[in-house]
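Asker: I'd like to ask you about the structure that follows.
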Amino acid sequence: MRTVQLVDLAHARSGDKGDTANIGVIAYDPQDYPLLQEVLTVERVSEHFGSMVKGRVERFELPNLHALNFLLHGALDGGGTVSLMTDAQGKVFSTALLRMEIEVSESVAERVVGRGRVPADFGSALETG
């Protein structure tokens, strides 16, 4: 087994509705959708975000899109119009979830590592740029 980041298996989008952040996670390759279903449980996503999410986490499966959708209730401190949070509209929740590390088989890791788009380290960009 080997550890990879979720970004190597999927891309994601996020947004908000009131105090609820919404994250859609879409497999790059349909063959990886069952793995996403297995590892991206409500419990695992709740644990990943910890105290950032005050309410429950819900998961919805969209097999025709090879995607999962998560609702993170109580994640936005009241939402965009009332919150003083830096991201009161939940736009960066998808990036935070894509940083989740998951265990995959060696063969899956060899196939997917480096496929995702991870922002370069700012310090490294300055040194090379």
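Asker: Using θ = phi - 60° and the Karplus relation 6.51 cos²θ - 1.76 cosθ + 1.60, list the HN-Hα couplings for segment 6-19 in order, rounded to whole Hz, with x at every Gly or Pro.
Answerer: 4, 4, 6, 10, 8, 10, 8, 9, 9, x, 8, 8, x, 9
Asker: Show me 51-63, 7-19, 94-106 ranked by packing, highest mean number of other Cβ atoms within 10 Å first.
Answerer: Going by the mean number of other Cβ atoms within 10 Å, highest first, we get 7-19, 94-106, 51-63.
Asker: List, in order, the whole-Hz ³J(HN,Hα) value for each residue of segment 58-65 obtained from phi through the Karplus relation with A = 6.51, B = -1.76, C = 1.60 and θ = phi - 60°; use x for Gly and Pro.
Answerer: For segment 58-65, the Karplus-derived couplings read 10, 10, 10, 9, 10, x, 5, 9 Hz, x marking Gly and Pro.
Since every read-out is calculated from the coordinates, none of them should be taken as a lab result. Model, not experiment: these values are computed from the prediction. Heads up, the Cβs are rebuilt from the backbone with ideal geometry, glycines too, and the neighbour counts pull from every protein chain shown.
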